[in-house]
Amino acid sequence: MKIIHTADWHIGKVLHKQELNGEAELFLEWLNEFITREEIDALLVSGDIFDLANPAHKDLSLYYQFLHNVSRTGIQVVITGGNHDSVSLLQTTQSLLKPMQIHVVAGMPEDVKNVVIPLCRKNGKPGCIALAIPYLRDKDLRTAESADNQQDKWLNYAAAIRNHYSAALRKAQEEYGNEIPVIAMGHLFVQGALTSDSEREIHVGTLQGVDGSHFPGEIGYFALGHIHKPQRIGKNDAMRYSGSPYYLDFSEVGFEKQILVIECHEGKALQVQSVPVPCFRKLLRWQGRLAEIRNQISTFANDAPLQAFAEVHVTEKKFDAQVIAEMDDMANQKNECVKIKYKPIIGKPTVQWTIKS
Ligand SMILES: [Mn+2]
């Protein structure tokens, strides 16, 4: 059976006053086609579905429309809440979605059995178990509070996180035995992960990250969300961040966007393969003198379906009102394929200010 791992869609994200709805829409369309074509059995989304706790109506519509479309393929969907998501908002439609084989675990439930979700093969028999563990909030990690110093507090915190995974695994094994592969979802910072500028507010308690090697070894794959750069943890193929499926910030320029496909054959072995997501919008970073920037704009060829956004760092040797006026002009003009955000430096390198596009 084939299972997709993705995360961090951040539907509703706005980058420097520019909405990123276009790429969210094109990605979900592409994902639906991919699921149909590849006959995918299950889709796992590891948190941060929306960028804000109170998404706009159009963002909710996009989410529900996608779920409606994708459920027609007969796929099972498991969605967990991330730190950006509102637990109550995601939870609201849980019971309506369940008959469509869409499981939503927005916040950590009181009873751990509610995170154990069997994923079935085409013959209807469970081929794999998902542990749908969402982003763990303070109330889920109460034991962390009992420590006197920061180091102990941190150790308690990491132990509390691991305990949730161990308890979920035990529950899965009680119900389904030890022979079935287990995939754990998570929305957290694991030690060694490389971040970008688009993951705001990494939880204070998780600044150091949880040591990935301390999780139960019986878990065959960790489908992680929270970090937007796609990556393995260490050389471990079985613990991965899918990353966000499209660019959410200029600091992500150069990351190849992807989803992961996990193949689960008979027995416990899992194979993981990265599938590139097409680029729907180019984000660019340009730096140089005004003339050089002009040249880059005029020679830029956009081969993506959406208008490109450029973060431009203009460097000029001395202050010149004419240059400022020209930069203003460039930022405001409706260029066919490039929308610009300026970050000029003029005069001494210490003099810096921003003109918004
Ligand atoms: Mn995120």
_I'd like to know which of F250, H5, P109 lies farthest towards the positive end of the charge dipole of the chain, counting +1 on Cβ of Lys and Arg and -1 on Cβ of Asp and Glu._
F250
*At a Förster radius of 30 Å, what calculated FRET efficiency corresponds to the Cβ-Cβ distance of L194 and D303, to the nearest 0.05?*
0.60
*What is the set of long-range amide H partners of T315 at a cut-off below 5 Å, with H atoms built 1.01 Å from backbone N?*
G288, R289, L290, I345
_Please report the net charge: other residues with Cβ closer than 9 Å to the Cβ of K2, K and R +1, D and E -1._
-4
*For E38 and D211 in the same chain, what is the full-extension length gain: residue separation times 0.36 nm, less their Cα-Cα distance, in nm?*
58.8 nm
*Pull up the DSSP beta bridges for the range 29-149 and report the antiparallel fraction as a percent, rounded to 5.*
35
_Give me the one-decimal nm value for the distance between modelled label points at M100 and R232, 7 Å along each residue's Cα-to-Cβ direction._
3.6
*Counting only DSSP beta bridges with both residues in the chain, what percent are antiparallel, rounded to the nearest 5?*
35
*In nanometres, what is the gap between the two model label sites at D152 and F255, each 7 Å from Cα along Cα-to-Cβ?*
3.7
*Sum of -39500 (n - 2.57) over DSSP H runs of 4+, divided by residues of the chain (222 nm, nearest 500)*: -8000 deg cm²/dmol
*asked:* Which trypsin sites (Lys or Arg not before Pro) in the range 134-191 sit in a loop by DSSP (not H, G, I, E or B) and have at most 13 other Cβ atoms within 10 Å of their own Cβ?
replied: R137
_Kirkwood Rh in Å, taken over the range 53-184 so that all alpha-carbon pairs contribute_ = 16.4
*asked:* For a quick check of your reading of the filter: which trypsin sites (Lys or Arg not before Pro) in the range 220-264 sit in a DSSP loop and have no more than 12 other Cβ atoms within 10 Å?
replied: K235
*Within a Cβ distance under 10 Å of I129, other residues only, what is the Lys/Arg minus Asp/Glu net charge?*
0
_Relative contact order [Cα under 8 Å, 6+ residues apart], the chain, whole percent_ = 15
*Order these peptides, 183-191, 216-224, by their mean beta-carbon neighbour count within 10 angstrom, highest first.*
183-191, 216-224
*What is the set of long-range amide H partners of A106 at a cut-off below 5 Å, with H atoms built 1.01 Å from backbone N?*
G81
*Compute the FRET efficiency between K122 and R72 as 1/(1 + (r/R0)^6), taking r as their Cβ-Cβ distance and R0 = 22 Å, and round to the nearest 0.05.*
0.90
*Alpha carbon Rg of the chain, scaled by the compact-globule rule 2.2 N^0.38 Å*: 1.09
*Among G12, G254, G81, whose mean-square fluctuation peaks in a Gaussian network model of the chain (Cα, cutoff 10 Å)?*
G254
*Size of the dipole of the range 2-276 about the Cα centre, Lys and Arg at +1 and Asp and Glu at -1 on the beta carbon, nothing else charged, in debye to 20?*
500
_Karplus-derived 3J(HN,Hα), 6.51/-1.76/1.60, for each residue of the range 291-308, Hz, glycine and proline x_ = 5, 5, 5, 4, 5, 5, 5, 6, 9, 6, 10, 8, 10, 9, x, 9, 4, 7
*Using the per-residue mean of other Cβ atoms lying within 10 Å as a proxy for protection, in what order, highest first, do the peptides 58-64, 73-79, 295-301 fall?*
73-79, 58-64, 295-301
*What does the charge count near E110 come to, summing +1 for each Lys or Arg and -1 for each Asp or Glu among other residues with Cβ under 11 Å from its Cβ?*
0
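Laboratory data are not the source of any read-out in this text; all were calculated from the coordinates shown. These numbers come from a predicted model, not from an experiment. Note that we place each Cβ from the backbone using ideal geometry, even for glycine, and neighbour counts take in every protein chain shown.
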